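Throughout, read-outs are computed from the coordinates displayed, never taken from laboratory work. Small disclaimer: the values here were computed from a predicted structure and weren't measured. For neighbour counting, all protein chains shown are included, and Cβ atoms are generated from backbone atoms with ideal geometry for every residue, glycine included.
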Amino acid sequence: MIDEIGRILALLELNKMQLRPTVDFVETWQDVAIDAAVWTQTNPATGSAWTLQQLTWFGRGLETIPNANETARLVSDQPWDCLPNIWGANTMQQNIILEFEAKFTGVANLDNANCFFGLCPATNGDRTTADITGFYLNADALAVVSDDGGAETTNTGLATTLTDLNLFSIDVRPGITSFKVNGAEVAQHLTNQPDRPMYIMFYLDTEAGGPATFELGKVRVYWLDKIFYPI
C-alpha cells in the first residue's frame, strides 16, 4: 500500500511538472543591434530611435524616446499561436504566456487612444485594432483589454506606478486570460478572447505635450505543456 501511494504521489508530481511553462523564446538584448530576423522597428521621426544600451535598472535593454506627436513601434517578425477556444472546426488547447519588463517616463504625454503593449494580429496594429490582447492606457493609468472581433472586455484604472520598472504578463488559456503585474494578478477576462496568430507588439504614440520614454527589458514567451501521465 505504501509503495502504491508513493507511485501515485510521484505521478502527480510528474504531472504537475508537465504543466509548468517552459521558455520558448527569450530576448535579453545582448546583440550589438536589434535582430532584424526577430524584430521590426519603426523609429520616431525626430526623437530617439530604438537603441540597445545599458539601462540603470536592468543592464542591457532597449529604449526609445518619441518627441511630441510622434510614434514608435517594435513588433515581432514571427506570429505566435494564440488560439484558446475554437479555430475552424477544431478546439485548440494552446496556452501562451507573454511577459516583458518595462518602464515609462512622461506618461502624461502618451496618447491613450493608440498606445498598446501586448499581442496583436497585425504588424501595424495599435489599441484601436480588433482581436488584440494586452495592456494600454486609460486616463494615463494602466488598463487591459481582450478584443474579439471588436467586442471588448476591459479593466481600467489599475493601480500600477508606470514610472517604476514593472514585469507585465499576459497568460492566455482556454476560457480565461489573466493579466499580471510583478506576479500579482490585476485582471481576469473570461470573455472576448481572440483566436488567431498574434505578433508581440510595443506601440507608443505621443501627444502634443512633449516626449515620452519607453524602456524595455527582457521579453519572454512561454508555452504550457499539456502532457499528462496516467495514474
Simple label model, 7 Å out from Cα along Cβ direction - Asn124 to Ala108, nm: 3.4 nm
Ordering of 32-43, 97-108 by packing [mean C-beta count within 10 Å, highest first]: 97-108, 32-43
Hz values of 3J(HN,Hα) by residue in region 185-194 - Karplus curve (6.51, -1.76, 1.60), Gly and Pro given as x: 5, 10, 6, 9, 10, 10, 10, 6, 7, x
Estimated FRET transfer efficiency when R0 is 22 angstrom, pair Thr161-Thr46 (beta carbons, to 0.05): 0.15
Charge sum, other residues only, whose C-beta stays under 11 Å from Pro194's C-beta, Lys/Arg counted +1 and Asp/Glu -1: -4
Residues with amide H under 5 Å from that of Asp131, placed H, sequence gap 5 or more: Asp147, Asp148, Gly149, Gly150
Relative contact order (percent, whole number), region 22-224, Cα cutoff 8 Å, 6+ residue spacing: 32 percent
Under the Karplus curve 6.51 cos²θ - 1.76 cosθ + 1.60, θ = phi - 60°, whole-Hz ³J(HN,Hα) for region 139-150, x wherever Gly or Pro sits: 6, 6, 10, 5, 9, 10, 9, 10, 10, 10, x, x
Other-chain or far-sequence residues with amide H under 5 Å of Ala187's (modelled H): Phe179
Simple spin-label estimate for Thr56 and Ile176 in nanometres, 7 Å along Cα-Cβ: 4.0 nm
Net charge of neighbours whose Cβ lies under 15 Å from the Cβ of Gly149, counting Lys and Arg as +1 and Asp and Glu as -1: -4
Residues whose placed amide H lies under 5 Å from that of Glu207, excluding near-sequence neighbours: Asn69, Leu110, Asp111
Cα pair distances exceeding 33 angstrom across region 22-224, given as percent: 8 percent
